[in-house]
1. Only loop residues by DSSP count here, and only those with at most 11 other Cβ atoms within 10 Å; note down the chymotrypsin sites (Phe, Trp or Tyr not before Pro) in the stretch 327-434 that meet that.
2. Mind checking the stretch 54-132 for chymotrypsin sites (Phe, Trp or Tyr not before Pro) that DSSP puts in a loop (not H, G, I, E or B) and that have at most 16 other Cβ atoms within 10 Å?
3. Over the C-alpha atoms of the chain, what are the Rg and the largest Cα-to-Cα span, Dmax, in Å?
4. Summarise the accessible area of the stretch 232-352 (1.4 Å probe, protein heavy atoms) by the percent that is carbon and sulfur.
5. If you place +1 on the Cβ of every Lys and Arg, -1 on the Cβ of every Asp and Glu, and leave all else neutral, what size is the dipole of the stretch 390-431 about its Cα centre, to the nearest 20 Debye?
6. Please return the longest range in the chain lying between exposed loop sites, taking trypsin sites (Lys or Arg not before Pro), DSSP loop only, at most 14 other beta-carbon atoms within 10 Å, and leaving the sites out.
7. Using the Cα centre as the reference, give the magnitude of the dipole from point charges on the C-beta atoms of the chain (Lys, Arg: +1; Asp, Glu: -1; all else neutral), rounded to the nearest 20 debye.
8. Rg/Rh for the stretch 315-396 to two decimals, with Rh computed the Kirkwood way over all alpha-carbon pairs.
Amino acid sequence: MLKQIPSLALSLACCASISFGQRPPAPPQVSVVRAGRLLDVDTGRLLTNQIIVIRGGKIEALGDHVTLPPSATVIDLSKYTVLPGLIDCHTHLADLPFEEPLLVLQKSAAETAYAVIPNARVTLLAGFTTVRDVGVYRAFNDVALRDAIAQGNVIGPRMFVAGAYITISLGAGAMTGLAPDMQLPWDLHFGEANSPWEVRQKVRELAHRGADHIKILSTGAVLTHGSNPKSVEFTPEELRAAVDEAHNFGLRVAAHAHAAEGIKNAIRAGVASVEHATLIDDEGIALAKEHGTYLDMDIYDEECIQGEGKKNATPADFLEHDRGLGELHRQNFAKALRAGVKMSFSTDASVCPHNINARQLTYIIKYSMTPLQAIQSATINAADLLGKSDLLGNLHPGKYADLIAVSGNPLEDVRVLENVKFVMKEGKVYKQEQ
Ligand SMILES: [Zn+2]
């Protein structure tokens, strides 16, 4: 073998110098978007007749006096309002949309992986160019979906994923409701941990296997058998272990929490966001403000659990867990907002269908947000929570060319965002209605 190395090196040097039959790499594609109106999400200003130059998936220049590069593809959005692609900070794209989680057991891992592909597609086409996906029953199905999208094999938003749920055994993120002698496959109970050291071990493995953030379940859940959203599950010590270990790998932690004590335990432990934050009390609101913790309050979901969009197959125990929480959640959202707590847009998509994320914008405005705050929660705030403000959240040179267009002015009628006419992700057009 040793003798062959020089000859191999020689042959490589030979071919590289001749470069016979090779083409030079194609120059990055250049396109230009003509925006009739453009919403500056930082200031709320509606700019007119803007030109956006896009090269290699990123915004190169933007303004009303930009020189058009020769041979650029021109996209005419002069009839529309352009704004940054929306970001949902709480989705579950890689799970099947069953009302009954146990039905997951009727599908193989491969069937599940293929069946969730449309979730990604419809989310992107609804104008959400990035999602923070926060947990999946089949561990790492989200990592695989994220990578398939990034490689161009599946159409979908840019995903940041959790890999699995970190949960106590039989807790909020566990597959529960089975007879005690039933054994789950490894990927359906991967994230169970029952001590600070077990939590650390899970974080280490999730980090190693490609998670972008950690999702931990601090309290019981509504949509889990044998769970109680008003119960604390992980202890403060376990939550601190999760945050500390995640930080060792440069990862942030999202904590699911309904009960007031579980919310405060998570904030004190240093999580980046509290998901749901349903029963947050005054002390919790003050703590969130003090720590700069984001709240991800999915207040539209009640419509899909108990309201008009309710699925008939929702198990009775889930409805019982949820009883009385919906309106309280919405009032607590308004209270936390008034107190100045940071909010990022989060729908828990999968509870409601994957293509109606934007419907929540109307609800958060109904419960005190201004239209601009609502749009900021789904753009610049979301990018900040992801730690990606350098690439996402607004339309500045150097950032990803993730943009959408709507008819009309979303600051006057936010519902236009439920009917997005144009979607571009990283410079590539995925939807363009005439
Ligand atoms: Zn969720």
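The values are calculated or read from the model by the stated rules, or taken from the named source; none is laboratory data. On a predicted model such as this, the values are computed, not experimentally measured, just so you know. Positions of Cβ are backbone-derived with ideal geometry, glycine not excepted, and every protein chain shown enters the neighbour counts. Surface accessibility is based on the protein's heavy atoms, side chains included, excluding ligands, DNA and RNA. Shrake-Rupley method; radii C 1.70, N 1.55, O 1.52, S 1.80 Å.
1. none
2. Here the chymotrypsin sites (Phe, Trp or Tyr not before Pro) that fit, given the DSSP loop and packing criteria, are 98.
3. 23.1, 77
4. 47
5. So the magnitude is around 200 debye.
6. On the way: sites that count: 3, 45, 209, 310, 311, 323.
Excluding the exposed sites themselves, the longest stretch runs over 46-208.
7. Details: 41 positive and 49 negative charges, 327 e Å.
The calculated dipole for the chain is roughly 1560 debye.
8. My calculation puts Rg/Rh at 1.02.
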